[in-house]
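Just below is one structure, and these are the notes that go with it.
Bear in mind these aren't lab numbers, they're just calculated from the coordinates by the rules spelled out. Keep in mind it's a predicted model, so treat the numbers as computed, not measured. Every residue, glycine as well, gets a Cβ built from its backbone with ideal geometry; the counts of neighbours run over all protein chains shown.
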């Protein structure tokens, strides 16, 4: 089993070391993200509201993907507890935040996952689960997840970095592709991705290497043809996501000698048109321990929201947070390169 | 001048050719951009053709650019190598088919 950076006591398991590496890129006379925002008249970048509450239910995962920005894996024990979940529910009850995006790790491994989904749905909020697919087959107790998702009208978002075994397994581990295909077929069988079912199944592509994703539109078209013809699989949308130069992917970039070239590529592909749609402008990210961040990536770099009065979900204050200035760093170039990138894919489509 | 003819860094300076002749460069890059758009052939298919042609014309800049582009667009290593073999077969065939010309000449002058 591949171990997480944390268990390996790798220097990059420490967010400060990651930030130091990102900061060192300035020695190569690369512009800062802040400078780019200033040049385009959008600094400081501010939230325009909070439409999405993205919750990390824990870093435990049945997979150890090479590019994982969470450094998740079977050896990670951090799990959101029920009291933190309750704080999140209180916030949802008191606000108009309508979309809850559950992520991890594998969020389904949280022992309170199903209870939490039911509570959120009871509040009438939409639930989106970032399901790695293989969890459905990982243990008998997860085989009914497609039915559970269907019962609660949960939107499923799943990674599949290729429609061939080679690319997928290279990034996500041996055997992942085969099990992902089986899981997608199980989701299709209960109606996910089928026209008229109302059950949304979106896939995520991210590059298996040191490069940017190709056009989301072209890729989605190709995925639909290939997955349908090869495996009879249907889905709704494909989100093409850029890999962020943090955590395990940063380790890959450095150890493969691709780091400087990748950062140059991200910076030279800076697209000002993507800035207004950045996900940090309408999303609030909550860590497994309840701390608040502008996005999932800032969470992994331990860059909490700048408002010191409200850095934990127990201190949530919509008036303060809805128009907060967001915390930016060099990794943000990953969200503004080319078509732009977010947890919902390209920012320009 | 560098003491060698090819520099990897020069690939990113391709656009600089406009410094000496802007109008023609602009026309060329506009044309280039149009050629590689999705049309009757997809941008992905065109990328693989470009990779094969890059090898046939033995342009290191083009090989660099289209090895990346074709891989990024989703072609596998095996598919890309097959494209190079297509280029090789055509180049090899182009040499060999001239053997007929050689044979014609030899037959013409031989007893």
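Data for the structure
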{"quantity": "Most fluctuating residue given options B:20, B:31, B:75, as computed from a GNM of chain B linking Cα atoms under 10 Å", "calculated": "B:20"}
{"quantity": "Rel. contact order, % - alpha carbon contacts under 8 angstrom, at least six apart, region B:41-109", "calculated": "32 percent"}
{"quantity": "Packing rank of A:252-259, B:22-29, where each peptide gets the mean count of other beta carbons within 10 Å, highest leading", "calculated": "A:252-259, B:22-29"}
{"quantity": "R0 of 51 Å, Cβ-Cβ distance residue B:38-residue A:15: FRET efficiency to nearest 0.05", "calculated": "0.80"}
{"quantity": "Packing-based order for A:124-131, A:13-20, using average beta carbon neighbours within 10 Å, highest first", "calculated": "A:124-131, A:13-20"}
{"quantity": "Fewest-first sequence of A:83, B:76, A:4 by Cβ atoms within 10 Å of each Cβ", "calculated": "A:83, B:76, A:4"}
{"quantity": "Residue exposure sequence - A:121, A:46, A:172, A:76 - by fewest surrounding Cβ within 10 Å", "calculated": "A:46, A:121, A:76, A:172"}
{"quantity": "Other protein chain Cβ atoms within 10 Å, averaged over every residue that makes up A:156-167", "calculated": "1"}
{"quantity": "Within the protein assembly as shown, helix-based [θ] at 222 nm, where runs of 4 or more DSSP H residues each add -39,500 (n - 2.57), nearest 500", "calculated": "-13000 deg cm²/dmol"}
{"quantity": "Relative contact order of region A:218-349, defined on C-alpha pairs under 8 angstrom at six or more residues apart (%)", "calculated": "30 percent"}
{"quantity": "For region A:13-152: rounded, prolate or oblate by the Cα gyration tensor [a/c cutoff 1.5]", "calculated": "oblate"}
{"quantity": "Most fluctuating residue given options A:317, A:277, A:56, as computed from a GNM of chain A linking Cα atoms under 10 Å", "calculated": "A:317"}
{"quantity": "Chain A, relative contact order in percent, only Cα pairs under 8 angstrom and at least six apart counted", "calculated": "22 percent"}
{"quantity": "Gyration tensor (alpha-carbon) shape descriptor, region A:11-336, a/c threshold 1.5", "calculated": "oblate"}
{"quantity": "Per-residue Cβ neighbour rank within 10 angstrom, fewest leading, B:59, A:68, A:332", "calculated": "B:59, A:68, A:332"}
